[in-house]
Amino acid sequence: MLMYVCMYVWMIVSCLFFTLPCDSSEAYRIEVVDADNGWPVPLVELRTTHAMRFVTDNAGVIAIDAPELMGRETFFHVIGHGYGVDQDGFGYRGISLTPQPGKAVRIEVKRANIAKRIGRMTGGGLFAESQKLGEYTDWRDAPLLGQDSVLVTRYGDKLFWAWGDTTLTHYPLGVFDTVAATTSPRPFESFKPPLKPVFDHMVDSRTGRPRGVAKMPGDGPTWITGLVALPDKNGEERLVATYTKIHGHLHAYERGLCEWDDQTESFKRVRILWREGDARFTFRQWHDCHPFIYLDDLGEKRVGIGNPLPKISFPATYESWRNPDTWRTHRPQPTLRDAAGGAGIRPHTGAVTWNPYRKKWITVFMQKDGSPSPLGEVWYAESDEPFGVWGPAVKILTHDNYTFYNIRIHHELTDQEDGFIVFEGTYTAEFADDAEPTPRYNYNQVLYRLDLDDPKLTPAHKDY
């Protein structure tokens, strides 16, 4: 009998040792910081030898609560898209830690990117790891898990934000007619982590869920682009955009102009410009991506727009926006010179804006057919004129087999004297080579900061 009692006790002790339970207060806290400045680093993944994945939240925090790891030396591969650690003699890039309930550790990663990752702008679980540890308990996420391709412009006394397709909690399909939100003109106090984005989303009054605001007639999703506020002949501000109707995955069958209706809080169709089979408009004549305002040689305000380099311009009025006869086409340079030498860089998607600090026109763009990620390498360049010639380009951001597209420079979020810019893009496994989607971050917007006085940007400041 004593033998069975001893065996029973041993079994209980063994279970406690090998499957040590952890409540939220007993998780192992890991904070990942940039070795250069001590800032928390979001979007750093630690992966175990048995493929458990832990990803830092917007506070750079991970909560380890896996019972099988507690009290055991554990090797974590470090995967950070431009942040990492040195490789060991076998070529592995990782760290060894021994998780202990209720304990904490701070680890440093080296930043290879020139741009600094500030945090995720959209989606759920922005502070999920911290909340497991009893931190940020008052934080509430927006009611969306994923948001694609941001647009933003000043409209009235607020910033008006719009995104493409979405991911929701209650069903695999989301909203495919553009969702929108507003913020104050300056929604962030600083551009250091942790980033705390708060949006006032436009929702369905019956369900409380974000709703589509661009339901143009016809089958399939409605995507909008070219969002800008322009004065009409009476001085009234009009919020306008272009729209595209989509069949299947990426097949466009109709394009046109749309305008925001303040009464219905939705976009309404103004004019169809092109339908499938109609050759009147070519891709080069399309209002695509992020508009900017500039003064021409006569001091008149005009709108420039392209993706990323401008290919269309027109007078900055509502009436000119409606009338394609007033549009002027431009031929952007097909490649930019790599400041480090080598082949020319082909821009794919991105943005152009005037930068008062540099007193230059600047562009941040994603490279087509880049390396190591074909659609994940991001570059910076400058010009004296909005339409070029563009100077040598410097790579500022890289990804490990991941996509980062439709980049938007947020000139409206910074002051003229600021020596940095902030930009965001869509972080997604789409178009990568069998990439594993990153939990919570995939198909969402990630914000970066670029310090314009960084010595590594000096090659982009040279004469051209």
Inset, instruction - Give the carbon-plus-sulfur fraction of the accessible surface of the chain in %, rounded to a whole number; probe 1.4 Å, heavy atoms of protein chains only. - result: 51
Legend entry - Loop-located chymotrypsin sites (Phe, Trp or Tyr not before Pro) in region 397-455, at most 16 other Cβ atoms within 10 Å (DSSP): 431
Inset, instruction - Send over a whole-number figure in Å² for the accessible area per residue of the chain, probe 1.4 Å. - result: 46
Inset, instruction - Loop only per DSSP, at most 11 neighbouring Cβ atoms within 10 Å: give me the GluC sites (Glu not before Pro) in region 374-464, ordered by residue number. - result: 417
Inset, instruction - Report, in degrees rounded to the nearest 10, the 0 to 90 angle that the Cα long axis of helix 2-18 makes with the longest principal axis of the chain. - result: 20
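Rounded, prolate or oblate: which fits region 209-283, taking a ≥ b ≥ c as square roots of the Cα gyration tensor eigenvalues, rounded meaning a/c under 1.5, else prolate when a/b beats b/c? Please list the in-between numbers first.
Working: a/c = 2.56, a/b = 1.36, b/c = 1.88.
The shape class here is oblate.
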Inset, instruction - Specify whether the C-alpha gyration tensor of region 120-185 places it in the rounded, prolate or oblate class, a ≥ b ≥ c being the square roots of the eigenvalues: rounded for a/c under 1.5, otherwise prolate if a/b is larger than b/c and oblate if not. - result: oblate
Legend entry - Share, in percent, of DSSP beta bridges within the chain that are antiparallel, nearest 5: 95
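Given the rule -39500 (n - 2.57) for each run of at least 4 DSSP H residues, summed and divided by the residues of the chain, what is its mean residue ellipticity at 222 nm, to the nearest 500 deg cm²/dmol?
The helix contribution divided over the chain gives -1500 deg cm²/dmol.
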Inset, instruction - Would you mind checking the radius of gyration and Dmax of region 12-162 based on alpha-carbon positions, in Å? - result: 17.8, 66
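Give the dimensionless ratio obtained when the Cα radius of gyration of the chain is divided by 2.2 N^0.38 Å. Before the final figure, lay out each step's value.
Numbers: Rg = 24.6 Å, N = 464, 2.2 N^0.38 = 22.7 Å.
The chain yields a ratio of 1.09.
Tell me whether region 176-244 comes out rounded, prolate or oblate; compute the Cα gyration tensor, take square roots of the eigenvalues as a ≥ b ≥ c, and use a/c under 1.5 as the rounded threshold. Mind showing how you got there, number by number?
Numbers: a/c = 1.98, a/b = 1.20, b/c = 1.66.
In terms of gyration-tensor shape, oblate.
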Legend entry - Radius of gyration and Dmax over the Cα atoms of region 199-338, both given in Å: 16.3, 53
Legend entry - Mean-position separation - Cα centroids, region 179-210 and region 224-283, in angstrom: 24
Inset, instruction - Output the Kirkwood hydrodynamic radius of region 106-260, Cα pairs only, in Å rounded to one decimal. - result: 17.7
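The values are calculated or read from the model by the stated rules, or taken from the named source; none is laboratory data. Note that this is a predicted model, so its numbers are computed, not measured. Virtual Cβ from ideal backbone geometry, glycine too; neighbours counted across all protein chains shown. We work out accessible area using only protein heavy atoms, side chains counted, and drop any ligands, DNA or RNA first. Shrake-Rupley method; radii C 1.70, N 1.55, O 1.52, S 1.80 Å.
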